Amino acid sequence: MDNRIHIFDTTLRDGEQVPGCRLNTKDKLLIAEELESLGVDIIEAGFPISSPGDFESVAEIAKIVKNATVCGLTRAVQKDIEVAAEALKHAKFPRIHTGIGTSDQHVFTKIKTTREDILVRSKQAVRWAKKYVDDVEFYAEDAGRTENAFLAQVVEAVIAEGATVVNIPDTTGYCLPEEYGAKIKYLKENVKGIEKAIISTHCHNDLGLATANSIAGVQNGARQIECTINGIGERAGNTALEEVVMIMRKHNWMKAETGVVSKRLNAISKLVSEKMRMPVQPNKAIVGSNAFSHSSGIHQDGVIKNRDNYEIIDPAEVGVNESSIILTARSGRAALNYRLENLGAKLSKDELEVIYQDFLKVADQHSVVEDEQLKELMSAHQAIDA
Ligand code: KIV
Ligand code: ZN
């Protein structure tokens, strides 16, 4: 079994669909360069027909990216595909990502057509795209809510037309992990020719399950994950790249490997957050400011004794210098002593006890006690200093 999982980053396309988060070409180029250094396999650079600005960004990214595949999104529309091919013409490894809705909801209510017509349009789109590039990815929009038998029919048809990757998006973030995993398994078992294509996950986070669903997809045979830095994207966002990468690193039993240089995760998270003007929630897994901070007494004592007591990731592995011991009114003597030692103090048990009682009074009035306040506490205890 091939255990290499391709990381398809769509920060610049699906991620950029966040309201109020438009990036200019310069910012997109900077992010694309960082994504390439991060080691992603595919960069979805944009939706070329959507605007002249997006076309320009995709075209410029296609010129500078040398190692990753550069991908452009289209609808199953000939003009979209022609424009995407034009934008990608300088890419070393170009990919056209085309597709159409396949769920009954999309077929009957959005596109207002029939399943037969969807099959025809899907095959046609791949045929058009194949005229320009070898690497054609097909997305079955709202696959999460598409009946498996019809989904299999569409997937089989587009592979027969030469699709190299078949994307199974849970567009509305509806599926449960078991259900999404079973969908991938069903396709593996029921689509003729499935071994000729890579199955891709593309999960949205409306129920907070995007990461779990992507991993369930991999456990059932998907070999590409579509994701964004910090999980940004439409509504509740997309699968967070940093989460799936670190899950696969930590759970070695999955034997799944990516080409991502995890030490670069923290820096790229900050860059994307700054350029998109989207703060990262402090408790965000892997890249949140509290992801490696310990503030309760019991946890602090445990971490000071041995980091593995409460940390499953070495912060250096994701580019964070070190974990931090935050002093609050819930902190204990061990944490206070640890922080005072970092400031150069060496205290006896009795001396620590005296300072600890004063520390608690300060901590009750402030959410966090900083180094400056610790220094003031120390100088208020000259006797101890002496
Ligand atoms: O969520 C989705 O279905 C998409 C497709 C356009 C790939 O973003
Ligand atoms: Zn999406």
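Couple of notes before you dig in:
- Here is the figure for region 175-203: residues that are over 13 Å from the mean Cα position of the chain (by Cα) and within 13 Å of ligand 2 (Cβ to nearest atom) total 1.
- On inspection, Val362 fails the criterion of being within 38 Å of the chain's Cα centre (by Cα) and among the hydrophobic types (A, V, I, L, M, F, W, C).
- Candidates are the residues of region 216-226 that are at negative phi and away from ligand 1 (no atom under 16 Å from the Cβ); the one that is most open to solvent (accessible area, probe 1.4 Å) is Gln219.
- The condition (being without any contact (Cβ under 8 Å) to a residue 12 or more places away in the chain, of a type in the set (D, E, K, R) and in contact with a Lys or Arg (Cβ under 9 Å, 6 or more places away or on another chain)) is satisfied by just one residue among Asp314, Asp308: Asp314.
- Scanning region 241-249 turns up no residue that is open to solvent by less than 30 Å² (accessible area, probe 1.4 Å), within 16 Å of ligand 2 (Cβ to nearest atom), modelled with pLDDT of 95 or more and outside any helix (DSSP H, G or I).
- Test: residue in region 89-112 that is open to solvent by 30 Å² or more (accessible area, probe 1.4 Å), touching a strand residue (DSSP E or B) at 6+ places or on another chain (Cβ under 7 Å), under 19 Å from Ile198 (Cα atoms) and assigned to a helix (DSSP H, G or I): no
- Remark: Phe55 falls outside the filter, which requires a residue to be open to solvent by less than 50 Å² (accessible area, probe 1.4 Å), not in a loop (DSSP other than H, G, I, E, B) and not acidic (Asp, Glu).
- Any hit, region 331-349, residues being touching a Ser or Thr at 6+ places or on another chain (Cβ under 6 Å) and either at pLDDT below 95 or surrounded by 18 or more Cβ atoms within 10 Å (Cβ to Cβ) (or both): no
- Every test in (1) within 13 Å of ligand 1 (Cβ to nearest atom); (2) open to solvent by less than 30 Å² (accessible area, probe 1.4 Å) is passed by Thr25 save one, and that test is (1).
- For region 204-237, filtered to residues that are under 16 Å from Thr10 (Cβ atoms) and in a helix (DSSP H, G or I), the residue that is nearest to ligand 2 (Cβ to nearest atom) is Ala210.
- Leu29 being farther than 30 Å from Val154 by Cα, assigned to a helix (DSSP H, G or I) and over 18 Å from the mean Cα position of the chain (by Cα): yes
- Single residue of Asn283, Asn266, Asn238 found to be without any contact (Cβ under 8 Å) to a residue 12 or more places away in the chain and not β-branched (Val, Ile, Thr): Asn283
- Residue under evaluation Ser296, criteria (1) open to solvent by 50 Å² or more (accessible area, probe 1.4 Å); (2) farther than 21 Å from Thr10 by Cβ; (3) of a type in the set (S, T, N, Q), criterion not met: (1)
- Of all residues in region 177-215, those satisfying the criterion of being closer than 20 Å to Thr258 by Cβ, open to solvent by 10 Å² or more (accessible area, probe 1.4 Å) and more than 16 Å from ligand 1 (Cβ to nearest atom) are Pro177, Ala212, Ile215.
- Filtered by the rule that a residue be assigned to a loop (DSSP other than H, G, I, E, B) and more than 13 Å from ligand 1 (Cβ to nearest atom), region 58-76 gives Val65, Lys66, Asn67, Ala68.
- Pick from region 127-163, criterion in contact (Cβ under 8 Å) with a residue 40 or more places away in the chain, open to solvent by less than 50 Å² (accessible area, probe 1.4 Å) and in a loop (DSSP other than H, G, I, E, B), ranking: nearest to ligand 2 (Cβ to nearest atom): Asp142
- Of all the numbered requirements in (1) open to solvent by 60 Å² or more (accessible area, probe 1.4 Å); (2) modelled with pLDDT of 95 or more, Trp253 misses one, and that requirement is (2).
- Of all residues in region 162-176, those being over 10 Å from Gly208 (Cα atoms) and within 13 Å of ligand 1 (Cβ to nearest atom) number 9.
- Within region 1-22, the set of residues being outside any strand (DSSP E or B) and within 16 Å of ligand 1 (Cβ to nearest atom) comprises Thr10, Thr11, Leu12, Arg13, Asp14, Gly15, Glu16, Gln17, Val18, Pro19, Cys21.
The values are calculated or read from the model by the stated rules, or taken from the named source; none is laboratory data. Keep in mind the model is a prediction, meaning the values are calculated, not measured. Cβ: placed from backbone, ideal geometry, glycine included. Neighbour counts: every protein chain shown. To get the accessible areas, we keep the full protein, side chains included, count just its heavy atoms, and leave off ligands, DNA and RNA. Shrake-Rupley method; radii C 1.70, N 1.55, O 1.52, S 1.80 Å.
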